[in-house]
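Asks: Let me give you the structure first, and then I'll get to my questions.
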Amino acid sequence: MKAIKFVVIALIAFLLINNQNSSATQQPSPSTMKASIARGKELYLLQCLACHQVDGGGVPHLNAPLDGSANVKGNNKAKLIKIVLNGLKGEEIEGEAYGNIMAPHKELTDQQIADILTFVRNNWSNKATQITSAEVKAVRAKKK
Amino acid sequence: MRKIVSLSLAFLVLLSTTVQAEDSTHVFNQITVKPDADNAGLKLLPGFGALKVADNLGHTRHLVVNAQGDIYTKIMGRVASEKGIIKLHDSKGDGKADVITSFGNYGGTGIAIKNGYLYASSDEEVFRYKLDDKGGVLDTKQPEKIITGLKKGNQHETKSIALDNDGNIYVNIGAYSNSCQIEDRTKGSLGKMPCPILDSAGGIWQFKTNVLNQSYAQGERYATGLRNVVGLDWNSELNELFVMQHGRDQLHDLFPDLYDERANAEKPAETMYAIKKGTNAGWPYVYYDPELNKKMVAPEYGGDAKKESTDPSFSNPTMAFPAHLAPNGLLFYTGNQFPEKYKNGAFIAFHGSWNRAPLPQAGYYVVFVPFEKGKPTGKWEVFADGFSGMEVVTGTRGAAHRPCGLAQGPDGSLYVSDDVKGTIYRIVYNKETK
């Protein structure tokens, strides 16, 4: 019984790692997206929650909402990735001004940014495609 | 029972006549308006009732009531043409505003009435309008610009105002930063030394009420080391300015090794200061810890969450309140409608927190602190609650209303503005109300 359990766990781990490796080149499968969202949720609690809040609603006039935001759930992934990498300051977002700056988050890895963004694009009322570490890597490289 | 009631009634009548005889301005005020059946959705202490004076006015920030009972309230942010200040008039005497007019083309927060003038601020200027003998603005198009060119950043940009009895106006110029870090709100970034913001912001500036186009050169930095003040009031009993500081944010986000999420939610205090010329409240170098009751060295300036500040130049607060509640309105009550314990005490409108996450948010209420001769004589208590419409506020965006400004009516009613939906509340006292 124990042996079977071990084999199953090893198999799952193998599949996860395998999937992750291939995600850079292929369209991500639902299981990697699910794993990315789960990791993104953990990272969101540490990196984003204070300002963007549990409900993704932000704080009126201070911090922009993520829930329902066109920037977050839209197709311009590069724009969204850049916001996380470089932060935001004094820019109007969808017609509203926000007082607090958003600090740059260059210190996060490509995978971490991909996970956070995939999570916020698929939480609350948002539903959108996955963002991969390769996509983050490409945007980060272009900036230099 | 009936006997007791009639006896106390007789006593009240006697009391009111006695008071009236002494000083005609100190009449025991009888309220003439009826509270809403649901008290406008608020939870109040026994004997108090509330009604909605007006609703859906926009981002109504501070407000003031003239001697005739008309309300002026200042609208924040980008305002539509001639919608910067809204005037509410109740022509029927039922407490509900039925004549609503507006003027002014600038958004802002501060508004006050003193000696026949209405004062109002944008985020960079202060204007004044002469009032007629009915408390109406004589010329809404051409106010006098008395203060101009004030520093305005992206955060803490609003300019709250208060006036003394000697022809001076006090303006808050908020620090355009959280804690004067080299990189604002960035993890681990240290503080600038000395903090360059303090030369033109992070304090209270004093100007003359009757001089045009004053700026930093004509004004005086009256108090410094105040991160941001929204609620402030001149205490006429003491002839002294009192301010409520918004304490710094994000101790945990910026210094996670020193502060956990609980510490982040509970520190630092929101603080009240009695301001004298030259008062330094210590921002950004120190913050006030409400659990240790001490001024602590900020982590940006060598603090480790345990190091107490020994710098004697920094003032102690008059009173400390829980962290992050965002005090946006302060009013010393001088009216005669509320029971005696409220006289000269402080009402504070707490806009409500966002920086307590992941713990539940707090505030979103009006509190009362009893005062005697400028010193608190008891603990603060929640006076009016229920603005948010939620049992527990988990996300700030969900709050239906957030209390912001406070004003006292000529009959001693307390007015509260909400800057989410633009609701104006009037809180009244009536012994017979359950």
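The values are calculated or read from the model by the stated rules, or taken from the named source; none is laboratory data. None of these values were measured; they are calculated from a predicted model. Positions of Cβ are generated from backbone atoms using ideal geometry, with glycine treated the same way; all protein chains shown enter the neighbour counts. With ligands, DNA and RNA removed, areas are computed over all heavy atoms of the protein, side chains included. Shrake-Rupley method; radii C 1.70, N 1.55, O 1.52, S 1.80 Å.
Asks: Residues that are in contact with a Leu (Cβ under 6 Å, 6 or more places away or on another chain) and either open to solvent by 90 Å² or more (accessible area, probe 1.4 Å) or at pLDDT 90 or above (or both): does segment A:21-31 have at least one?
Replies: no
Asks: With the requirement that a residue be among the β-branched types (Val, Ile, Thr) and without any contact (Cβ under 8 Å) to a residue 40 or more places away in the chain, what does segment A:94-128 give you?
Replies: Matches in segment A:94-128: A:101, A:109, A:113.
Asks: Just checking, does segment A:84-101 include any residue being part of a helix (DSSP H, G or I) and not aliphatic (A, V, I, L, M)?
Replies: Within segment A:84-101 (the criterion being part of a helix (DSSP H, G or I) and not aliphatic (A, V, I, L, M)), the answer is yes, since at least one residue qualifies.
Asks: Shifting gears a bit: Which condition from (1) more than 14 Å from every other protein chain (Cβ to nearest Cβ); (2) closer than 25 Å to residue B:353 by Cα; (3) not charged (D, E, K, R) is the one that residue B:265 breaks?
Replies: (1)
Asks: Tell me which of these residue B:221 doesn't satisfy, since it passes every other one: (1) open to solvent by less than 40 Å² (accessible area, probe 1.4 Å); (2) under 21 Å from the mean Cα position of the chain (by Cα).
Replies: Single failed check for residue B:221: (1).
Asks: Take the conditions under 20 Å from residue A:99 (Cα atoms) and either within 14 Å of another protein chain (Cβ to nearest Cβ) or open to solvent by less than 20 Å² (accessible area, probe 1.4 Å) (or both) and apply them to residue A:49. Does it pass?
Replies: Taking the combined requirement at face value, the residue satisfies it.
Asks: Return the total of residues in segment B:338-356 being open to solvent by 50 Å² or more (accessible area, probe 1.4 Å) and either in a loop (DSSP other than H, G, I, E, B) or touching a Cys at 6+ places or on another chain (Cβ under 9 Å) (or both).
Replies: Matching residues across segment B:338-356 total 0.
Asks: If you take the residues of segment B:167-197 that are of a type in the set (A, V, I, L, M) and within 22 Å of residue B:255 (Cβ to Cβ), which of them is nearest to the chain's Cα centre (by Cα)?
Replies: Applying the filter and picking the extreme gives B:175.
Asks: Additional query: Take the residues in segment B:42-72 that are among the small types (Gly, Ala, Ser) and buried (at least 22 other Cβ atoms within 10 Å of the Cβ); name whichever of them is farthest from residue B:349 (Cα to Cα).
Replies: B:49
Asks: Within segment B:370-390, does at least one residue satisfy the condition of being hydroxyl-bearing (Ser, Thr, Tyr), surrounded by fewer than 23 Cβ atoms within 10 Å (Cβ to Cβ) and away from chain A (no Cβ under 14 Å)?
Replies: There is at least one residue in segment B:370-390 that is hydroxyl-bearing (Ser, Thr, Tyr), surrounded by fewer than 23 Cβ atoms within 10 Å (Cβ to Cβ) and away from chain A (no Cβ under 14 Å).
Asks: Does segment A:53-62 hold any residues that are more than 7 Å from chain B (Cβ to nearest Cβ) and open to solvent by less than 30 Å² (accessible area, probe 1.4 Å), and which are they?
Replies: Across segment A:53-62, the qualifying residue is only A:56.
Asks: To continue, here is another question. Given the criteria among the hydroxyl-bearing types (Ser, Thr, Tyr), open to solvent by 20 Å² or more (accessible area, probe 1.4 Å) and over 30 Å from residue A:96 (Cβ atoms), does residue B:101 qualify?
Replies: No, not satisfied.
Asks: Could you list, in sequence order, the residues of segment B:152-192 that are part of a strand (DSSP E or B) and either over 21 Å from residue B:329 (Cα atoms) or within 12 Å of chain A (Cβ to nearest Cβ) (or both)?
Replies: B:181, B:191
Asks: Scan A:71, A:123 and give me the residue that is at negative phi and assigned to a loop (DSSP other than H, G, I, E, B).
Replies: Result of the check over A:71, A:123: A:123.
Asks: For residue B:278, indicate whether it is more than 14 Å from every other protein chain (Cβ to nearest Cβ) and crowded, with 18+ Cβ neighbours inside 10 Å.
Replies: No: the conditions fail for residue B:278.
Asks: Would you mind telling me which numbered condition in (1) within 14 Å of chain A (Cβ to nearest Cβ); (2) more than 27 Å from residue B:51 (Cβ to Cβ) residue B:396 fails?
Replies: (2)
Asks: Would you check if residue A:134 is more than 12 Å from chain B (Cβ to nearest Cβ), surrounded by fewer than 18 Cβ atoms within 10 Å (Cβ to Cβ) and either of a type outside the set (Asp, Glu) or within 30 Å of residue B:176 (Cβ to Cβ) (or both)?
Replies: yes
One line per residue, one yes/no per condition, for (1) within 23 Å of the chain's Cα centre (by Cα); (2) within 30 Å of residue B:37 (Cα to Cα); (3) without any contact (Cβ under 8 Å) to a residue 40 or more places away in the chain:
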| residue | (1), (2), (3) |
| --- | --- |
| B:86 | yes, yes, yes |
| B:104 | yes, no, yes |
| B:108 | yes, no, no |
| B:113 | yes, no, no |
| B:117 | yes, no, no |
| B:120 | yes, no, no |
| B:124 | yes, no, yes |
| B:129 | yes, no, yes |
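Asks: Just the residues that are over 18 Å from residue A:124 (Cβ atoms), open to solvent by 20 Å² or more (accessible area, probe 1.4 Å) and not polar (S, T, N, Q), please, taken from segment A:65-89.
Replies: A:77, A:78, A:79, A:82, A:88, A:89
Asks: Select from segment A:37-51 the residues that are under 26 Å from residue B:153 (Cβ atoms) and without any contact (Cβ under 8 Å) to a residue 60 or more places away in the chain and list them in ascending order.
Replies: Residues satisfying the conditions are A:49, A:50, A:51.
Asks: Restricting attention to segment B:300-329, which residues are outside any loop (DSSP other than H, G, I, E, B) and open to solvent by 10 Å² or more (accessible area, probe 1.4 Å)?
Replies: B:301, B:308, B:319, B:320
Asks: Tell me, yes or no, whether segment B:166-186 has at least one residue that is within 21 Å of residue B:122 (Cβ to Cβ) and either of a type in the set (Lys, Arg) or open to solvent by 60 Å² or more (accessible area, probe 1.4 Å) (or both).
Replies: The answer is yes, given that some residue of segment B:166-186 is within 21 Å of residue B:122 (Cβ to Cβ) and either of a type in the set (Lys, Arg) or open to solvent by 60 Å² or more (accessible area, probe 1.4 Å) (or both).
Asks: Here's a follow-up. Scan segment A:90-130 for residues that are under 17 Å from residue A:44 (Cβ atoms) and surrounded by fewer than 14 Cβ atoms within 10 Å (Cβ to Cβ) and report the count.
Replies: Counting residues in segment A:90-130 that are under 17 Å from residue A:44 (Cβ atoms) and surrounded by fewer than 14 Cβ atoms within 10 Å (Cβ to Cβ) gives 4.
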